Amino acid sequence: MAYSDTARAYYDGELKTISSAGLFKHERYIHAPQGAEIEVEFPEGSPPRKVINMCANNYLGLSSHAEVVAAAHGGLGARGYGMSSVRFICGTQDIHRELENRLTAFLGTEDTMLFSSCFDANGGVFEALLNDQDAVISDRLVHASIIDGLRLCKARREIFEHSDMAQLEEVLRRHADQRFRMIVTDGVFSMDGDLARLDAIVALAERYDARVVVDDSHAAGVGGKTGRGTHEQCGVVGKIDIITTTLGKALGGASGGCVSGRRELVAMCRQRARPYLFSNTLAPVVVSGTLAVMDLVTRSTALRDKLEANTRFWRKGLTDAGFDLKPGDSPIVPVMLYNARLSQDVSRDLFDEGVYAVGFFYPVVPKAQARIRTQLSAAHDPHHLEQALQAFIKVGQKHGILGLKQDEIIARFGE
Ligand SMILES: *Cc1c(COP(=O)(O)O)cnc(C)c1O
């Protein structure tokens, strides 16, 4: 028997360990398209309930937008369902190149190449551009896919503490003799919603002759006055050597990612990045939908402006009610609860009140930093946010946490 009882018992034991540590990730089945309101089956087997979704990356509300859906239908008819090939054999259509050009214009870069996800983009880009003569220096809190991509490349790997520019400078100086230096950061950090200090990073890169790579997955379509991303918000458009980002969040939310930046670097990735060479790219239906997304985000800033207004309303409402928020102006609004069990209890009570918002705790966030991470969307209308706010206030009152500061919550509930 190839799958022995010993193997089964081992993995079963591991799963029980995960479960008893309270770290088991349960999935909830949604019986509806993604949107401001969704029908969720929870617990499993119960009839779906309509709840307000406060935890999607659907920042611009485009996941089920009528124009995007119609364009995807059109693309399905015009270019078929599958490619059955990787890009360099017979897996490239005219619309793939068209989308790359649209992304280049939108991000303000020189060229762009698509990947089937941003996870794959980050998995391919470092190995393609760096070798053992180089040094790559990343922020402590970069996304898991960057960490994996860095593991695959032969450059010397260094970490600087989150947003610590003095330490970044010290590491750059220490590696002045390497052939190339590369600085890697997320644009917006997903757990706190804070921005990388891209202006300071670009200045250091200029001083120490380093390339800058920014994963802008949480900001592309959203950040800055026209939604270009964190580089627009920080005033450094055209100065980021490589932007990697996802199409799976604000930009339609289906799937796909890209590497966008300096012409030679992108060209090199096309020759060398293994997820690009050995895995199919986006299906034509997703390309067609994303082309409609690019039309929408370049035609007007109405959606990102609505998102900004929604974010302002939500932050003010929660703050006035006495919740403890991470500061900032990003559509990621973490409601701090510090205690892991409290975050789970509040999430469950919110669900009972018709609001879907997930609690995060260690090891997803540092110890004693448990929270409910809420995320705003342009799909939210004022009545959704009013209703969600009332639910938060009711649940906050039930647990007696309104108006409490960090040390008071920890004193009452523990770490
Ligand atoms: C979501 C996310 C990814 C993964 O994007 P996919 O396209 O879903 O693979 C990568 N990096 C960051 C920073 C993200 O937030």
_Please verify whether His162 is in contact with a Lys or Arg (Cβ under 9 Å, 6 or more places away or on another chain) and either at positive phi or modelled with pLDDT of 95 or more (or both), treating the condition exactly as stated._
yes
*Could you count how many residues in segment 208-238 are outside any loop (DSSP other than H, G, I, E, B) and touching an Asp or Glu at 6+ places or on another chain (Cβ under 8 Å)?*
7
*State which residue is least open to solvent (accessible area, probe 1.4 Å) when the search covers only segment 39-91 and only residues that are at pLDDT below 95 and touching a strand residue (DSSP E or B) at 6+ places or on another chain (Cβ under 9 Å).*
Phe42
*asked:* Can you pull out every residue in segment 340-368 that is assigned to a loop (DSSP other than H, G, I, E, B) and at pLDDT 95 or above?
replied: Glu353, Gly354, Ala357
*Is it the case that some residue within segment 1-24 is modelled with pLDDT under 95, over 19 Å from Gln387 (Cβ atoms), open to solvent by 100 Å² or more (accessible area, probe 1.4 Å) and of a type in the set (A, V, I, L, M, F, W, C)?*
yes
_Selection within segment 136-153 - within 11 Å of the ligand (Cβ to nearest atom) and hydroxyl-bearing (Ser, Thr, Tyr)_ = Ser145
*Quick one: in segment 249-261, of everything that is assigned to a loop (DSSP other than H, G, I, E, B), touching a helix residue (DSSP H, G or I) at 6+ places or on another chain (Cβ under 7 Å) and within 9 Å of the ligand (Cβ to nearest atom), which residue is least open to solvent (accessible area, probe 1.4 Å)?*
Gly256
*Within segment 163-175, can one find any residue that is within 12 Å of the ligand (Cβ to nearest atom), open to solvent by 30 Å² or more (accessible area, probe 1.4 Å) and not β-branched (Val, Ile, Thr)?*
no
*Which residue out of Phe119, Phe106 is away from the ligand (no atom under 16 Å from the Cβ), closer than 29 Å to Val287 by Cβ, among the aromatic types (Phe, Trp, Tyr) and not in a strand (DSSP E or B)?*
Phe106
*Answer residue from segment 185-226, given it is surrounded by fewer than 21 Cβ atoms within 10 Å (Cβ to Cβ) and on the phi > 0 side of the Ramachandran plot and is farthest from the ligand (Cβ to nearest atom) among those*: Asp209
*For Met83: the one exception among (1) more than 16 Å from the ligand (Cβ to nearest atom); (2) within 18 Å of Thr185 (Cα to Cα)*: (2)
*Among Lys25, Lys16, which is the only one that is within 27 Å of Tyr362 (Cα to Cα) and assigned to a helix (DSSP H, G or I)?*
Lys16
_Within segment 139-153, does at least one residue satisfy the condition of being in the same structural domain as Ala283 (by TED's automatic domain parsing) and in contact with a Leu (Cβ under 6 Å, 6 or more places away or on another chain)?_
yes
*Would you check if there is a residue in segment 227-243 being closer than 21 Å to Asp148 by Cα, crowded, with 24+ Cβ neighbours inside 10 Å, in the same structural domain as Ala200 (by TED's automatic domain parsing) and in contact with a strand residue (DSSP E or B) (Cβ under 8 Å, 6 or more places away or on another chain)?*
yes
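The values are calculated or read from the model by the stated rules, or taken from the named source; none is laboratory data. Because the structure is predicted, anything quoted here is derived from the model rather than measured. With ideal geometry, Cβ positions are generated from the backbone for all residues, glycine too; neighbour counts draw on all protein chains shown. For the accessible areas, the whole protein counts, side chains as well, though only heavy atoms, and no ligand, DNA or RNA atoms are used. Shrake-Rupley method; radii C 1.70, N 1.55, O 1.52, S 1.80 Å.
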